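Peer 1: Dropping the structure in here first, questions after.
The values are calculated or read from the model by the stated rules, or taken from the named source; none is laboratory data. Owing to the predicted nature of the structure, the values given are computational and were not obtained by experimental measurement. Don't worry about glycine lacking a Cβ; one is built from the backbone with ideal geometry, like all the others, and counts go over all protein chains shown. Areas reflect the complete protein model, heavy atoms only, side chains present, ligands, DNA and RNA absent. Shrake-Rupley method; radii C 1.70, N 1.55, O 1.52, S 1.80 Å.
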Number of protein chains: 2
Amino acid sequence: MADLITALEAHDIRFPTSQHLDGSDALNPEPDYSAAYAVLRTSGDEEGYGLAFTVGRGNEVQVAAIRALEPLVVGLDVQEVLGNLGAFSRLLTGDSQLRWLGPHKGVVHMAAAAVVNAAWDLFGRREGLPVWRLLSRMSPEQLVDLVDFRYLRDALTPEEALAILRRAAPGRQEREEQLLRTGYPAYTTTPGWLGYSDDKLLRLSKEAVADGFTQIKLKVGANREDDVRRMALAREAVGADIRIAVDSNQAWGVQEAIEWMRLLAPHNPYWIEEPTSPDDILGHAAVRRAVAPIKVATGEHCHNQVMFKQLLQADAIDVLQMDASRVAGVTENVAILLLAAKFGVPVCPHAGGVGLCEMVQHLSMFDYVAVSGSTEDRTIEYVDHLHEHFEDPVVVRNGRYAAPLSPGLGARLLPQSAADHRFPDGPVWRNA
Amino acid sequence: MADLITALEAHDIRFPTSQHLDGSDALNPEPDYSAAYAVLRTSGDEEGYGLAFTVGRGNEVQVAAIRALEPLVVGLDVQEVLGNLGAFSRLLTGDSQLRWLGPHKGVVHMAAAAVVNAAWDLFGRREGLPVWRLLSRMSPEQLVDLVDFRYLRDALTPEEALAILRRAAPGRQEREEQLLRTGYPAYTTTPGWLGYSDDKLLRLSKEAVADGFTQIKLKVGANREDDVRRMALAREAVGADIRIAVDSNQAWGVQEAIEWMRLLAPHNPYWIEEPTSPDDILGHAAVRRAVAPIKVATGEHCHNQVMFKQLLQADAIDVLQMDASRVAGVTENVAILLLAAKFGVPVCPHAGGVGLCEMVQHLSMFDYVAVSGSTEDRTIEYVDHLHEHFEDPVVVRNGRYAAPLSPGLGARLLPQSAADHRFPDGPVWRNA
């Protein structure tokens, strides 16, 4: 019997988060966290779910970009797709006409992310495995086959990638069992949104420590005095042993970043995240040289593996923050994990948003089991918003992500949530 | 009386160029040259016309992105917009929700390009001046006000930009008159499309020289033996004194580019264009070090001024190929011309496509009059396709662009052409 992809649906789902300034930062003062939600339907029982995260306006453009991929995927044989997800990614990102709109960046690349992730979700559901375990059971050769090396070979060869994966192979089972027992370290951004009052910042910072987190993050970059005061307050609230990362969300030029961080340095910030334009590789390198030992972190807007390659080649970052749906999904993130391992840079994924925690935990756990083999200085961002809308919400306890057990990638919305938040005609928006 | 922007229209216009393999290259084997065509309507008599160029599929996504800008521009006061086009660009590229889809790259940035260029076109029409002359009459201070320096200051300060413009100010009138007399140098890509036979390549190369061109360009990158043979044929056809540039359209990795160019080197290629990923700044620098004295050129996919800044900082390019609608239009291209002047790198714009020649000639002519003050090693790409569809088509004679005299930026399609090629319901596509 035919086993085909029968449909690719794209839905415009938006949550009115701007009402409470959740998610507010220097460049995103009033986000409405949104998802261009992709559903792959097949002639079999299972479906696959993926999404591209956006912050409101323009989500309809993201939906249009997913729809543009429909002719490429409908009618494909499911077994062939799942048996060669590297080729499937290249199909979506390499279409000779669509690639002009990127290439490999922005709306079209995030559309590929949504569909690639939906395919991985489908794969996990078919195999009855969460994607982190599915990946962790693939051979080094199968994993290397996922990678598009065209623009990577000057930094990472297939042979080097294979060596990294083979080195980590012996301990896979032990680390998988350990993750099932103890989970993976998390840090929390919940206390530090820019729109929160000092009182709320203080209260939430103390709660974070009480909840077992050993790292929190504050948004900075709008006002120098405010940032110094908030940083001092947070440091006082959590004590000297808790890491406080700060995040300017691209607010600064290079020199401005260096000057601003000198003001915050007395309060011992752990990393500065997105100090400047996400495209400015050389700028990040200059900031890193100037602000050490404060670490430099970036990645949520790093649009593809070629950019990550250069951030690593230029010694521009101490912390690599991959995102589940900015680059072309699980497949490209496997390449990025291998690059990070080659350069010895820890990966601390970006999360929050809509479904990003649910998806990205699979990548960090796979990294621990089968790539880097380490959780040292590695931690997954955690934000406690919107998880209630997912079929398999993340579980974070004592500052750690519990290893997910349900099959798939975790991005399936509850049908009622998807219906309620459909833009512009779902009840939440009709009544707004 | 109110003087307002009353509408922003976006139209999906496509030309079936894939039927003849015009425009075929290593990564674009079958393009249907297309435009997401933007029309700014006002309460006055004039309108403004701009476009984002694409190569077919996905043009509807580009159109959706232009539509997403409509709420930002409709209702604005025309005088205020035209009086501060720097602020207008930042409005379009800085929207806190839309910028997530970039930032400053891909579909949303090209949408800004279409609208910014439409505003410049409107400005020119109101002033009765072609945009190159309009720009050339702005004061150094007004020009510097156009630039968004947020992420540029480590390479170019406002003071440095002002000094560059003041240095060129004395000769402006003389150079403007000279352009009106003799035009601006062009080179032609017409002979070298990858899909053309050897005979057609030979014939068109000889015709190009007979037509007065001193530089031609060949597409390469699909097959090594074919490229060596075609390069040898073209060299034989044009002789030793004509520059032959080659363009791989991103086909190679870094090492592959270096090896491939060693094979072509005996035939003295003038530049290698887009040797690898357009995002790979460090890769371009490595190729440049290895293939000198062959020059390295890139830019048609360089998505914003931060990327151009780094290409210059990293000594990665000999030739900067700005594009009229990849970055955010005339406004961002003024910043890029200033960066190029600061680093002493000549600008040879990308053109061809749909309306790119018509628009980009204004930038090179403004550069000559008011920025670099030189045409040395500078030349505008010319491709002789699709000009017949424009109200003010470029005029290229004896290998030079004649200075355009009509008011505006040149991107207005003939109404009949726009109607005929509307996708998918115009007669050209209904009958395809």
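Peer 1: List every residue pair whose Cβ atoms sit under 6 Å apart, with the two residues 6 or more apart in sequence or on different chains, where the first one lies in region A:245-273 and is assigned by TED's automatic domain parsing to the domain that holds A:I380 and closer than 15 Å to A:A285 by Cα and the second, anywhere, is of a type in the set (A, V, I, L, M, F, W, C) and at pLDDT below 95.
Peer 2: Close Cβ pairs satisfying both conditions: A:Q250/A:L27.
Peer 1: Can you tell me which residue is nearest to A:P415 (Cα to Cα) among those in region A:7-57 that are of a type in the set (S, T, N, Q) and either in the same structural domain as A:G353 (by TED's automatic domain parsing) or part of a loop (DSSP other than H, G, I, E, B) (or both)?
Peer 2: For region A:7-57, the residue satisfying everything is A:S43.
Peer 1: Tell me which residues, restricted to region B:396-430, are in contact (Cβ under 8 Å) with a residue 24 or more places away in the chain and aliphatic (A, V, I, L, M).
Peer 2: B:V396, B:A402, B:A403, B:L405, B:L409, B:A411, B:L413, B:L414, B:A418, B:V428
Peer 1: Which condition number in (1) in contact (Cβ under 8 Å) with a residue 60 or more places away in the chain; (2) buried (at least 24 other Cβ atoms within 10 Å of the Cβ) is the one that B:V107 fails?
Peer 2: Of the numbered conditions (1) in contact (Cβ under 8 Å) with a residue 60 or more places away in the chain; (2) buried (at least 24 other Cβ atoms within 10 Å of the Cβ), the odd one out for B:V107 is (1).
Peer 1: Inside region B:58-71, can you point out the residues that are outside any helix (DSSP H, G or I) and under 21 Å from the mean Cα position of the chain (by Cα)?
Peer 2: B:G58
Peer 1: Need at least 1 residues that are over 22 Å from the mean Cα position of the chain (by Cα) and under 30 Å from B:A257 (Cα atoms) per element, so show me which helices (runs of 4 or more DSSP H) inside region A:140-211 make the cut, counting only ones lying wholly within it.
Peer 2: A:140-145, A:158-168
Peer 1: I need the full set of residues from region B:150-207 which are in contact (Cβ under 8 Å) with a residue 12 or more places away in the chain, in the same structural domain as B:A222 (by TED's automatic domain parsing), of a type in the set (S, T, Y) and open to solvent by 10 Å² or more (accessible area, probe 1.4 Å), in order please.
Peer 2: Correct list: B:T182, B:T190, B:Y196.
Peer 1: For A:A222, which of the numbered conditions (1) open to solvent by less than 30 Å² (accessible area, probe 1.4 Å); (2) modelled with pLDDT under 95 fails to hold?
Peer 2: So A:A222 meets the others, but not (1).
Peer 1: Report the residue count in region A:225-244 for those that are buried (at least 20 other Cβ atoms within 10 Å of the Cβ) and either free of Cβ contacts under 8 Å to residues at least 40 places away in the same chain or more than 26 Å from A:K206 (Cβ to Cβ) (or both). Explain how you work it out, then say what you get.
Peer 2: Of all residues in region A:225-244, those buried (at least 20 other Cβ atoms within 10 Å of the Cβ) come to A:227, A:230-231, A:234, A:237-238, A:244.
If we keep only those that are either free of Cβ contacts under 8 Å to residues at least 40 places away in the same chain or more than 26 Å from A:K206 (Cβ to Cβ) (or both) too, we end up with A:227, A:230-231, A:237-238, A:244.
Here the count works out to 6.
Peer 1: Somewhere in region B:379-392, is a residue closer than 19 Å to B:A52 by Cα, open to solvent by less than 10 Å² (accessible area, probe 1.4 Å), within 16 Å of the chain's Cα centre (by Cα) and not aliphatic (A, V, I, L, M)?
Peer 2: yes
Peer 1: Continuing with this model, one more query. Keeping to region A:235-273, report how many residues are closer than 22 Å to A:V347 by Cα and within 11 Å of chain B (Cβ to nearest Cβ).
Peer 2: 2
Peer 1: Out of A:T6, A:T54, which single residue is within 17 Å of A:V383 (Cα to Cα) and not aliphatic (A, V, I, L, M)?
Peer 2: Among A:T6, A:T54, only A:T54 is within 17 Å of A:V383 (Cα to Cα) and not aliphatic (A, V, I, L, M).
Peer 1: Name the residue, out of A:T276, A:T298, that is closer than 16 Å to A:K219 by Cα, in contact (Cβ under 8 Å) with a residue 12 or more places away in the chain, within 11 Å of chain B (Cβ to nearest Cβ) and crowded, with 24+ Cβ neighbours inside 10 Å.
Peer 2: So the residue among A:T276, A:T298 that is closer than 16 Å to A:K219 by Cα, in contact (Cβ under 8 Å) with a residue 12 or more places away in the chain, within 11 Å of chain B (Cβ to nearest Cβ) and crowded, with 24+ Cβ neighbours inside 10 Å is A:T276.
Peer 1: State yes or no: is A:L92 within 14 Å of chain B (Cβ to nearest Cβ), open to solvent by 30 Å² or more (accessible area, probe 1.4 Å) and not small (G, A, S)? I'd like the intermediate steps shown before the answer.
Peer 2: Details: within 14 Å of chain B (Cβ to nearest Cβ): yes; open to solvent by 30 Å² or more (accessible area, probe 1.4 Å): no; not small (G, A, S): yes.
Considered against the rule, which asks whether it is within 14 Å of chain B (Cβ to nearest Cβ), open to solvent by 30 Å² or more (accessible area, probe 1.4 Å) and not small (G, A, S), A:L92 comes out as no.
Peer 1: Looking at region B:301-322, which of the residues that are touching a strand residue (DSSP E or B) at 6+ places or on another chain (Cβ under 8 Å) and not in a helix (DSSP H, G or I) is nearest to the other protein chains (Cβ to nearest Cβ)?
Peer 2: The extreme case among them is B:A316.
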